[in-house]
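Undergrad: Could you have a look at this structure, given as structure tokens, before my questions?
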Amino acid sequence: MKLHHIGVPVKEKMPDMMNFEPIKCWATDPETTPGRVEYLFFEPGSPITEPVTSVPHLAYRVDNFQEAIQGKQCVVGPMEVVPGLWIGFFWEDGNLIEYHEVPKA
């Protein structure tokens, strides 16, 4: 498990955001922003709901998504954004945490 980014919801789209059409979300690339911040804009009708759409979160990349989320208090998800990319949001010690697993190469 590795800290991947800090997710920050915003009210307007920003330059260089990528569109994740299946979840109606636009996001910056945390690998190109200072501090590994991923800014997120959610379109109406997104399956991503509160608290994710308004509360910042820490995101961890994991090797085994199902193992990482075992026994955690899920608030949104889990869901497969694109084939092989799984995400889910959880409350842990009062903090909003995202776990995600990227497709295997």
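The values are calculated or read from the model by the stated rules, or taken from the named source; none is laboratory data. None of the values given here were measured: they were computed from a predicted structure. Don't worry about glycine lacking a Cβ; one is built from the backbone with ideal geometry, like all the others, and counts go over all protein chains shown.
Undergrad: Across the range 71-105, what is the number of residues that are part of a strand (DSSP E or B), among the hydrophobic types (A, V, I, L, M, F, W, C) and touching a residue at least 24 places away in the same chain (Cβ under 8 Å)?
TA: As a first pass, look at the range 71-105 and keep what is part of a strand (DSSP E or B): 73-82, 85-92, 95-101.
Narrowing further to those that are among the hydrophobic types (A, V, I, L, M, F, W, C): 74-76, 79, 81-82, 85-87, 89-91, 96-97.
If we keep only those that are touching a residue at least 24 places away in the same chain (Cβ under 8 Å) too, we end up with 75-76, 79, 81-82, 89, 96-97.
Here the count works out to 8.
Undergrad: Regarding the range 15-37, can at least one residue be identified that is under 15 Å from Val76 (Cα atoms) and hydroxyl-bearing (Ser, Thr, Tyr)?
TA: Among the residues of the range 15-37, not one is under 15 Å from Val76 (Cα atoms) and hydroxyl-bearing (Ser, Thr, Tyr), which makes the answer no.
Undergrad: Do we have any residue at all in the range 32-45 that's of a type in the set (S, T, N, Q) and surrounded by 15 or more Cβ atoms within 10 Å (Cβ to Cβ)?
TA: Narrowing the range 32-45 to residues of a type in the set (S, T, N, Q): 32-33.
Remaining after also requiring surrounded by 15 or more Cβ atoms within 10 Å (Cβ to Cβ): 33.
The answer is yes, given that some residue of the range 32-45 is of a type in the set (S, T, N, Q) and surrounded by 15 or more Cβ atoms within 10 Å (Cβ to Cβ).
Undergrad: What is the residue count in the range 3-34 for residues that are farther than 17 Å from Asn95 by Cβ and either in contact with a strand residue (DSSP E or B) (Cβ under 8 Å, 6 or more places away or on another chain) or among the polar types (S, T, N, Q) (or both)? Walk me through how you get there before you give the answer.
TA: Let us first name the residues in the range 3-34 that are farther than 17 Å from Asn95 by Cβ, namely 10-34.
Among the residues that remain, those that are also either in contact with a strand residue (DSSP E or B) (Cβ under 8 Å, 6 or more places away or on another chain) or among the polar types (S, T, N, Q) (or both) are: 10-14, 17-20, 22-30, 32-33.
Of the residues in the range 3-34, 20 are farther than 17 Å from Asn95 by Cβ and either in contact with a strand residue (DSSP E or B) (Cβ under 8 Å, 6 or more places away or on another chain) or among the polar types (S, T, N, Q) (or both).
Undergrad: Any residue that is modelled with pLDDT of 95 or more, in contact with a strand residue (DSSP E or B) (Cβ under 7 Å, 6 or more places away or on another chain), outside any helix (DSSP H, G or I) and crowded, with 20+ Cβ neighbours inside 10 Å - is there at least one of those in the range 61-68?
TA: Scanning the range 61-68, I find no residue that is modelled with pLDDT of 95 or more, in contact with a strand residue (DSSP E or B) (Cβ under 7 Å, 6 or more places away or on another chain), outside any helix (DSSP H, G or I) and crowded, with 20+ Cβ neighbours inside 10 Å, so the answer is no.
Undergrad: Can you name every residue in the range 69-105 that is exposed (fewer than 11 other Cβ atoms within 10 Å of the Cβ) and basic (Lys, Arg)?
TA: Lys104
Undergrad: Here's something else I'd like to know. Is it the case that Val62 is within 11 Å of Glu98 (Cβ to Cβ), within 12 Å of the chain's Cα centre (by Cα) and among the aliphatic types (A, V, I, L, M)? Step through it out loud before you land on a result.
TA: Numbers: within 11 Å of Glu98 (Cβ to Cβ): yes; within 12 Å of the chain's Cα centre (by Cα): no; among the aliphatic types (A, V, I, L, M): yes.
Criteria not met by Val62.
Undergrad: Here is a follow-up. Which of the residues belonging to the range 1-50 are in a loop (DSSP other than H, G, I, E, B) and of a type in the set (Phe, Trp, Tyr)? Spell out how you get there, then give the answer.
TA: In the first step, residues of the range 1-50 are kept if they are in a loop (DSSP other than H, G, I, E, B); the result is 1, 10-17, 24, 28-33, 43-50.
Matches in the range 1-50: none.
Undergrad: Looking only at the range 65-72, decide whether some residue is under 21 Å from Val37 (Cβ atoms) and of a type in the set (Phe, Trp, Tyr).
TA: Narrowing the range 65-72 to residues under 21 Å from Val37 (Cβ atoms): none.
The answer is no; no qualifying residue exists.
Undergrad: Sticking with this structure for a sec: Six or more apart or on different chains, Cβ under 7 Å: which pairs go from a residue in the range 28-46 that's of a type in the set (Val, Ile, Thr) to one that's surrounded by 14 or more Cβ atoms within 10 Å (Cβ to Cβ) and not in a loop (DSSP other than H, G, I, E, B)? Could you list them?
TA: Thr28/Glu38; Thr28/Tyr39; Val37/His5; Val37/Ile6; Val37/Val8
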